[in-house]
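First the structure, in the form of structure tokens, and then the observations on it.
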Amino acid sequence: RQQHTVNNPPLLSFMEFQRHQSHCLSERKGQKRKLDQNFPEERQISAPPPTADERASLLAEVVNQVNILESTFTWNEADRAAAKRATHALADLAKNGNSMSPTLRSRLNCCGEEVVNVIVEGGAIPALIKHLQAPPVNDCVPKPLPFEHEVEKGSAFALGLLAVKCFVSMLDKALTLP
């Protein structure tokens, strides 16, 4: 026989533990159903789509970052720093538009797919893919290598965000089909 004290509560058998977990789960489901019944679905109010000028502004920003990436595929420290900033700027745009004005950000967040479309249209994908690998190393490259792996990580991160946004967009479309 086990002695139970205040400091040593009885151990539940595996079966008792499973029953307890099942009971807690069914209680939570019941509570969720009650909450759903008490708060009917609210209609979502979305911001109007971006204007042609706002879209052009975003595209110009993307093209600017792509131009930086296209012209900085070297081990020069200033080039590596510029490429790192460009990958971060594109990642911020892909993530949530941090570098945009709040008004444009709210309009584009309602259409996350639109941001991805503009980034792709601006040529970011090939530029980011190019920077997934380091530039060629020659005898003139300073040691230690400036921003070693930083640009490559930034490119991979931005591409990952774009891929996730594309996947989520496709999933949303699939789930909203009648």
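The values are calculated or read from the model by the stated rules, or taken from the named source; none is laboratory data. The shown structure was predicted, so the numbers you read here are calculated from the model rather than taken from an experiment. Ideal geometry is used to build each Cβ from the backbone, glycine not excepted, and the neighbour counts take in all protein chains shown.
Annotation: residue 121 fulfils all but one of (1) closer than 26 Å to residue 51 by Cβ; (2) at pLDDT 85 or above; (3) surrounded by 15 or more Cβ atoms within 10 Å (Cβ to Cβ); the unmet one is (3). Once region 134-178 is narrowed to residues that are farther than 30 Å from residue 80 by Cβ and part of a loop (DSSP other than H, G, I, E, B), the residue that is nearest to the chain's Cα centre (by Cα) is 177. Pairing each residue of region 130-143 that is closer than 16 Å to residue 72 by Cα with any residue that is among the charged types (D, E, K, R) and assigned to a loop (DSSP other than H, G, I, E, B), provided the two are 6+ apart or on different chains, yields C-beta distances under 8 Å for 134/148.
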